[in-house]
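Written out below as structure tokens is the structure these notes cover.
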Amino acid sequence: MPLLNKVTTTIPGSLGGDTASLSRLRLALTLFFALDGFLFAGWVVRIPAIKAQTGASAGDLGLALLGVSAGAVVTMTLTGRLCRRFGSHAVTVATAVLLSLSIALPALTRSPLALGLVLLVFGAAYGGINVAMNSAAVDLVAALRRPVMPSFHAAFSLGGMLGAGLGGLVAGSVAPAAHLLGLTLAGLLLTALAGPTLLRHPSPAPPEAAPKQGARPATGPKARRAVLVFGVIALCTAYGEGALADWGALHLEQDLHAHPGIAAAGYSVFALTMTAGRLSGTALLERLGQTRTLVAGGATAAAGMLLGALAPSVWAALLGFAITGLGLANIFPVAVARAGAIAGPGGVAAASTLGYGGMLLGPPSIGFLADWFSLPLALTTVAVLAAGAALIGYATRNASAPTTA
């Protein structure tokens with residue numbers, strides 16, 4: 001899930017001055033981001049098997065997937081308070097344990113209702129770890145005084161690619177229950193290895209004592225409207241990421257009759273190109289600038305998703321998924337950065353929240369549309385929203401940060 005924050009100066013004498021500790025914290029947090037992507041992808045590639053196991057229709061599955069959204073939204077509103085009380089490191093470790101345990105539950109269900117209930121737990125863990133990890137990463141970015149946040153989210157995408165790839169290898173030969181239980185064990189093992197580093201070291205001290213530099217965040221109605229616009233851009237693109245994660249494999253298997261292993265590779269291909277796009281995002285922004293990167297990304301994603309949704313062959317659809325991943329890779333970070341430049345940390349938080357909403361609400365929306373029309377037609381909404389993000393980005397190209405106070 002992408003989140004950017006402005007880099008600030010570290011207070012002398014804080015943990016920010018301990019380079020070795022910061023390096024260990026960075027490695028541990030990177031592993032948790034990768035674990036999050038790995039476990040989530042491991043779940044999504046088994047959705048077709050779980051759908052068949054529970055006897056759910058497309059609409060039933062959409063309602064069940066709404067459990068992930070509901071659990072995550074509720075937890076996201078509470079995790080900030082938990083982080084302030086217990087520390088973001090402790091909450092990251094606790095939610096990683098819960099996520100690892102809850103991923104085994106869907107394979108134990110035999111009805112859409114039971115699936116929806118266990119997905120509430122899974123969604124709560126998923127929403128909690130994303131807020132906690134990003135809170136910890138924001139503090140670490142400030143202490144390091146380096147813009148390393150994209151590397152954490154590249155780790156999430158890489159973990160997703162590996163999780164989907166592994167799922168593709170075992171989808172045709174290993175039962176969902178055994179596969180997801182294996183993911184539980186892997187998650188608990190990695191948490192046991194990386195968790196002590198977070199628990200031993202508190203978050204770097206916040207840089208409140210550092211001298212303020214640059215512009216004062218704008219707070220008026222105009223600034224709020226601009227932040228809302230960039231939040232909508234983030235929502236449009238995150239909708240596509242959530243939709244492909246939950247419905248891409250089912251589209252390949254159900255509509256194009258792909259082998260379960262090939263169908264599971266759809267999300268892996270998407271995650272691979274998104275990872276590549278994020279790793280090259282800094283160079284792309286330096287070369288094209290924010291507006292061109294946003295517009296080009298939206299147009300690319302729209303074209304790729306039209307191909308992925310409407311192509312008559314599996315390989316053409318996989319190519320479309322790959323193009324979509326490249327297009328979507330950097331739009332969310334650009335939108336959140338623009339919101340932050342206008343309204344400071346409050347703008348970052350508002351745009352990110354809208355973006356998370358798009359990722360969580362996309363999958364159930366696709367399910368309802370698939371029930372009413374068809375899954376390929378439902379997936380074209382990803383292309384429509386990506387194109388809309390490009391148009392909005394071009395229309396707001398002159399939005400600027402506030403002047404210096």
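Name the residues in the stretch 150-199 that are small (Gly, Ala, Ser), over 28 Å from LEU328 (Cα atoms) and touching a helix residue (DSSP H, G or I) at 6+ places or on another chain (Cβ under 6 Å), would you?
GLY172, ALA177, ALA194, GLY195
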| said: Here's a check for you: in the stretch 251-271, which residue that is under 20 Å from the mean Cα position of the chain (by Cα) and modelled with pLDDT of 85 or more is surrounded by the most Cβ atoms within 10 Å (Cβ to Cβ)? | reply: PHE270
| task | Report whether or not VAL141 is of a type outside the set (S, T, N, Q), farther than 22 Å from GLY357 by Cβ and either in contact (Cβ under 8 Å) with a residue 60 or more places away in the chain or surrounded by fewer than 23 Cβ atoms within 10 Å (Cβ to Cβ) (or both). | result | yes
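Of the residues PRO312, PRO363, which is outside any helix (DSSP H, G or I) and either open to solvent by 20 Å² or more (accessible area, probe 1.4 Å) or at pLDDT below 90 (or both)?
Going through PRO312, PRO363 in turn, the sole match is PRO312.
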| said: Restricting to the stretch 158-179, give me the number of residues that are in contact with a Leu (Cβ under 8 Å, 6 or more places away or on another chain) and surrounded by 23 or more Cβ atoms within 10 Å (Cβ to Cβ). | reply: 3
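Yes or no, residue by residue, for (1) under 29 Å from THR30 (Cβ atoms); (2) aliphatic (A, V, I, L, M):
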site: SER57; (1), (2): no, no
site: VAL68; (1), (2): yes, yes
site: GLY71; (1), (2): yes, no
site: MET76; (1), (2): yes, yes
site: THR79; (1), (2): yes, no
site: PHE86; (1), (2): yes, no
site: ALA114; (1), (2): no, yes
site: LEU120; (1), (2): yes, yes
| message | Every residue in the stretch 388-405 that is in a loop (DSSP other than H, G, I, E, B), modelled with pLDDT of 55 or more and open to solvent by 100 Å² or more (accessible area, probe 1.4 Å), please. | response | ARG397, ASN398
| said: Condition first: without any contact (Cβ under 8 Å) to a residue 40 or more places away in the chain, over 20 Å from THR381 (Cβ atoms) and not in a loop (DSSP other than H, G, I, E, B). Can you find one or more residues in the stretch 330-341 that meet it? | reply: no
| Does any residue of the stretch 170-193 turn out to be part of a helix (DSSP H, G or I), of a type outside the set (Val, Ile, Thr), closer than 18 Å to SER102 by Cβ and at pLDDT below 90? | no
| note | Of those in the stretch 272-282 that are more than 19 Å from GLY240 (Cβ to Cβ) and in contact (Cβ under 8 Å) with a residue 60 or more places away in the chain, the residue least open to solvent (accessible area, probe 1.4 Å) is THR282
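Just need a number here: residues in the stretch 315-333 that are open to solvent by 50 Å² or more (accessible area, probe 1.4 Å) and modelled with pLDDT of 95 or more.
Within the stretch 315-333, residues that are open to solvent by 50 Å² or more (accessible area, probe 1.4 Å) and modelled with pLDDT of 95 or more number 2.
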| said: Could you tell me how many of the residues in the stretch 344-360 are aliphatic (A, V, I, L, M) and modelled with pLDDT of 75 or more? | reply: 2
| request: Give the residues of the stretch 187-205 that are touching a residue at least 60 places away in the same chain (Cβ under 8 Å), open to solvent by 20 Å² or more (accessible area, probe 1.4 Å) and not polar (S, T, N, Q), sorted by residue number. | output: LEU188, LEU190, LEU193, LEU199, HIS201, PRO202, ALA205
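The values are calculated or read from the model by the stated rules, or taken from the named source; none is laboratory data. Just so we're clear, the structure is a prediction, and the values are computed from it rather than from any experiment. Note that each Cβ is placed from the backbone with ideal geometry, even for glycine, and that neighbours are counted across all protein chains shown. SASA here: full protein model, heavy atoms, side chains in, ligands and nucleic acids out. Shrake-Rupley method; radii C 1.70, N 1.55, O 1.52, S 1.80 Å.
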